[in-house]
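**Student:** Got a structure for you, written out below as structure tokens; questions coming shortly.
Every number here is computed from the coordinates shown, using simple stated rules; none is lab data. Please read these numbers as outputs of a predicted model, since none were measured by experiment. Cβ placement follows ideal geometry from the backbone for every residue including glycine, while neighbour counts extend to all protein chains displayed.
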Protein chains: 2
Amino acid sequence: MGITKTQHFTEEQNELAVLAKALGHPARIAIIEHLIKVDSCICGDLVNELPLAQPTVSQHLKELKNAGLIKGNFEGASICYCLNEEGFEKIKSFITLINTYLENRKDQCC
Amino acid sequence: MGITKTQHFTEEQNELAVLAKALGHPARIAIIEHLIKVDSCICGDLVNELPLAQPTVSQHLKELKNAGLIKGNFEGASICYCLNEEGFEKIKSFITLINTYLENRKDQCC
DNA sequence: TATTTATATTGCAATATTACGATTAATTAG
DNA sequence: CTAATTAATCGTAATATTGCAATATAAATA
């Protein structure tokens, strides 16, 4: 029906999915990569950096912020964005779990 | 216009986005978690495990496979699925990059 | 060969996402 | 206060995703 059955999955599963989904667009990957390069920047910088219009960039920023992957601070007329460590911690834990499993995996069917 | 401007982003950015997007659904997180628990399983096992119908599970498996996060091997009448290390390597590299950055970050605006 | 078992595919309805022009809101500069 | 700057929101079109019933495919078994 086009609507995710969120209520049937665990909170942790839904949380991870939200975080991964937020990273599931090249523009948002590009935003994260840019923030790594410059520590922090304002929306206008990203509009210059990306091949997208200002409302579109603003929307992507909103999604990253809602997911908990970036933070925004008012700085005069503009808003200063930077990475939010908390969100990435959760992804890191999951990837570490998978990595540990893969390193110790014996029984590989494929 | 509802269509991602893939061609304006780097191949690496698009690749990462595809991988993250594939993880961006709780059912697919649940599938990955189940595979970690049991090493390998067939579609029918997941149909019993998840609150979703067989065609829906099959579709989620297809997406994970297309993204390169799982592999499927014919095993008689059924297909044996397990994690694909290659796909997770790429995500791990990205998360490690971010993690290294966050650990050394001095200038935090937020 | 016919039947059962396991999974993929098709088709479709409901909903979500992507993108942007136009507009609004909020702050700064003059 | 007014104009300029910056970014969010609204409205909307195009497209993608989610989910499942029905069906098709493919292998194992009787």
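**Student:** Place a point 7 Å from the Cα of residue A:74 along the Cα-to-Cβ direction; which residues of the stretch A:37-52 have their backbone N under 19 Å from it?
**Tutor:** Output list for this probe position: A:41-44.
**Student:** Could you give the angle, 0 to 90 degrees to the nearest 10, between helix A:85-104's Cα long axis and the longest principal axis of the Cα atoms of chain A?
**Tutor:** Orientation of helix A:85-104: about 30 degrees from the principal axis.
**Student:** What average count of beta carbons from other chains do you get within 10 Å of the Cβ of residues in B:34-40?
**Tutor:** Working: counts 0, 2, 6, 1, 1, 6, 5.
For peptide B:34-40, the averaged partner shielding equals 3.
**Student:** I've got another one for you. Just list whichever of A:62/B:37; B:62/B:92; B:5/B:37; A:106/B:5; B:71/B:106; A:62/A:92 have alpha carbons separated by over 32 Å in the model shown.
**Tutor:** Numbers: A:62/B:37 35 Å; B:62/B:92 22 Å; B:5/B:37 37 Å; A:106/B:5 41 Å; B:71/B:106 41 Å; A:62/A:92 22 Å.
The pairs that break the limit, which is 32 Å between Cα atoms, are A:62/B:37; B:5/B:37; A:106/B:5; B:71/B:106.
**Student:** Can I ask one more? Between residue B:45 and the same site in the other copies, what are the distances in nm, shortest first, taking label points 7 Å from Cα along the C-beta direction?
**Tutor:** Label-point separations across copies, in nm and ascending: 4.8.
**Student:** Pairing the Cα long axis of helix A:11-22 with the longest principal axis of chain A, what angle in degrees results, from 0 to 90 and rounded to the nearest 10?
**Tutor:** Approximately 50 degrees, to the nearest ten.
**Student:** For residue B:34, go 7 angstrom from Cα along the Cα-to-Cβ vector, then report the distances to that same point in the other copies in nm, smallest first.
**Tutor:** Those label-point separations list as 4.0 nm.
**Student:** Taking the label point as lying 7 angstrom from Cα along the Cα-to-Cβ axis, what are the distances from residue B:8 to the corresponding position in the remaining copies, in ascending order and in nanometres?
**Tutor:** 3.8
**Student:** How high is the relative contact order of chain B, in percent, with contacts defined as C-alpha pairs under 8 Å that are six or more residues apart?
**Tutor:** On the way: 87 pairs, mean separation 26.8, N = 110.
After rounding, I find 24 percent.
**Student:** Calculate, in nm to one decimal, what residue A:110 and residue A:6 gain on full extension: separation in residues at 0.36 nm each, minus their alpha carbon distance.
**Tutor:** Numbers: separation 104, 0.36 × 104 = 37.44 nm, distance 3.05 nm.
Result for the pair: 34.4 nm of gain on full extension.
**Student:** Here's a follow-up. Under the definition of partner shielding as Cβ atoms of other protein chains within 10 Å of a residue Cβ, what is the mean value for peptide A:89-97?
**Tutor:** Values: counts 2, 0, 7, 6, 1, 6, 9, 4, 3.
Partner Cβ neighbours, averaged per residue: 4.
**Student:** Place a +1 charge on the Cβ of each Lys and Arg in the protein assembly as shown and a -1 charge on the Cβ of each Asp and Glu, then give the dipole magnitude about the Cα centre in debye, rounded to the nearest 20. Show your work: numbers first, answer last.
**Tutor:** Values: 22 positive and 28 negative charges, 79 e Å.
Rounded to the nearest 20 debye, it is 380 debye.
**Student:** Taking every residue in A:41-47, how many Cβ atoms of other protein chains lie within 10 Å of its Cβ, on average? Please report the intermediate quantities before stating the final value.
**Tutor:** Numbers: counts 1, 1, 0, 0, 0, 0, 0.
Average neighbour count from other chains, rounded to a whole number: 0.
**Student:** Using the Cα centre of the stretch B:11-104 as origin and beta-carbon charges of +1 (Lys, Arg) and -1 (Asp, Glu), tell me which of B:23, B:98, B:54 is placed farthest towards the positive end of the dipole.
**Tutor:** B:54
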